[in-house]
Amino acid sequence: MEHLTFEEVTFYYEKEKEIVSNINFALTKGEFHCFVGKSGCGKTTLLKLGAGLLQPTLGTVSVAGEKITETAENMSFVFQTPTLLKWKTVRENILLPISLKRKTTGADIEKAYELLRMMGMKEYAEVYPKQLSGGQQARVSIARALVTNPKLLFMDEPFAALDALTKEDLQSDLLRLCEQEEMTAFFITHDIQEAVYLADQITVMGKGKLVSSFENKFLQNEEREGRYSSQFMELCRKVRQELERG
């Protein structure tokens, strides 16, 4: 079932510079989709159009058949910088999307603790962001995005600033949570190995256009722990070739 759909979407910056051009695409419900491309190719603009943060100059973006005119309540975001409020505890930061709209309930607090438990961070609930490592802050940012039970999760290079081992751990945590919560994920990255590890579907972008899109057969045929296997590296090579085309 199609969830997020782009139909002939074009976006001009200040009505002059074309950033994305004639995008036709659909994300399937429950799918983890990675968009890969070089810096400046239009990935982040496409994400903002999908989330309703920008409106297309031409064309339409819709969710389950309904045109998006603004960000919906069933959407959440994780960006490259965690942007946690330093004067609030980890628990308070996670509950922020709820507390901005209404009074938090016991069920909300339990949900926050459950997400922290799943992230291996339950003992950090009452500490402040400055007491956390970069990887721990990223985990809190993901938990904050998931506390509202979103159906669509938008992520813009959330692990780009992290070391390799922390990144691998967080990628595994993210996949587990997305599968458990049955979310549709729109994930932007310039890291080829990250895309091959995470995605059900990979789309390569170049100069504001979609270069190619294909299913990630690795996830259907191998355990994800095989990220250093010959098959995995062959898929990485394929993605790189597509990037060079763009």
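The values are calculated or read from the model by the stated rules, or taken from the named source; none is laboratory data. The model shown is predicted, which means the values in this text are computed figures rather than measured ones. Quick reminder, even Gly has a Cβ in these numbers, built from the backbone with ideal geometry, and neighbours come from all protein chains shown.
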Item to check | Pick from region 73-88, criterion at pLDDT 90 or above and assigned to a loop (DSSP other than H, G, I, E, B), ranking: surrounded by the fewest Cβ atoms within 10 Å (Cβ to Cβ) | outcome: K86
Checklist entry - Can you name the number of the only condition in (1) surrounded by fewer than 23 Cβ atoms within 10 Å (Cβ to Cβ); (2) assigned to a helix (DSSP H, G or I); (3) among the hydrophobic types (A, V, I, L, M, F, W, C) that A138 fails? => result (1)
Checklist outcome for this item: Of the residues in region 116-135, those that are of a type in the set (A, V, I, L, M) and either in a helix (DSSP H, G or I) or within 15 Å of Q180 (Cα to Cα) (or both) come to L116, M118, M119
Checklist entry - Within region 3-26, can one find any residue that is loosely packed, with under 15 Cβ neighbours inside 10 Å, hydroxyl-bearing (S, T, Y) and farther than 21 Å from E182 by Cβ? => result yes
Checklist entry - Across region 35-48, what is the number of residues that are more than 17 Å from I68 (Cβ to Cβ) and under 15 Å from the mean Cα position of the chain (by Cα)? => result 4
Checklist entry - Quick one: what pairs do we get from region 179-204, first residue within 17 Å of Q80 (Cβ to Cβ), second among the basic types (K, R) and surrounded by 20 or more Cβ atoms within 10 Å (Cβ to Cβ), C-beta under 7 Å, 6+ apart or different chains? => result I188/K43
Item to check | Residues of region 1-34 that turn out to be within 14 Å of the chain's Cα centre (by Cα) and aromatic (F, W, Y), as a count | outcome: 1
Item to check | In region 87-121, the residues that are in contact with an Asp or Glu (Cβ under 6 Å, 6 or more places away or on another chain) and either hydroxyl-bearing (S, T, Y) or free of Cβ contacts under 8 Å to residues at least 24 places away in the same chain (or both) | outcome: T89
Item to check | Members of region 40-64 that are in contact with a Ser or Thr (Cβ under 8 Å, 6 or more places away or on another chain), of a type in the set (G, A, S) and without any contact (Cβ under 8 Å) to a residue 40 or more places away in the chain | outcome: G52
Item to check | Test: residue in region 69-86 that is in contact (Cβ under 8 Å) with a residue 40 or more places away in the chain, over 22 Å from the mean Cα position of the chain (by Cα) and under 27 Å from A161 (Cβ atoms) | outcome: yes
Checklist entry - L170: free of Cβ contacts under 8 Å to residues at least 60 places away in the same chain, within 25 Å of G50 (Cα to Cα) and surrounded by 18 or more Cβ atoms within 10 Å (Cβ to Cβ), yes or no? => result yes
Checklist entry - Only one residue in K48, K38 is in a helix (DSSP H, G or I), within 23 Å of L243 (Cβ to Cβ) and among the charged types (D, E, K, R). Which one? => result K48
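Pick out the one residue from T10, T60 that is in contact with a Leu (Cβ under 9 Å, 6 or more places away or on another chain) and in a strand (DSSP E or B).
Selected residue: T10, the only one of T10, T60 that is in contact with a Leu (Cβ under 9 Å, 6 or more places away or on another chain) and in a strand (DSSP E or B).
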Checklist entry - Restricted to region 89-115, and to residues that are touching a helix residue (DSSP H, G or I) at 6+ places or on another chain (Cβ under 7 Å) and in a loop (DSSP other than H, G, I, E, B), which residue is surrounded by the most Cβ atoms within 10 Å (Cβ to Cβ)? => result L95
Checklist outcome for this item: When region 49-68 is checked residue by residue, the ones that are under 16 Å from the mean Cα position of the chain (by Cα) and farther than 16 Å from H3 by Cα are L53
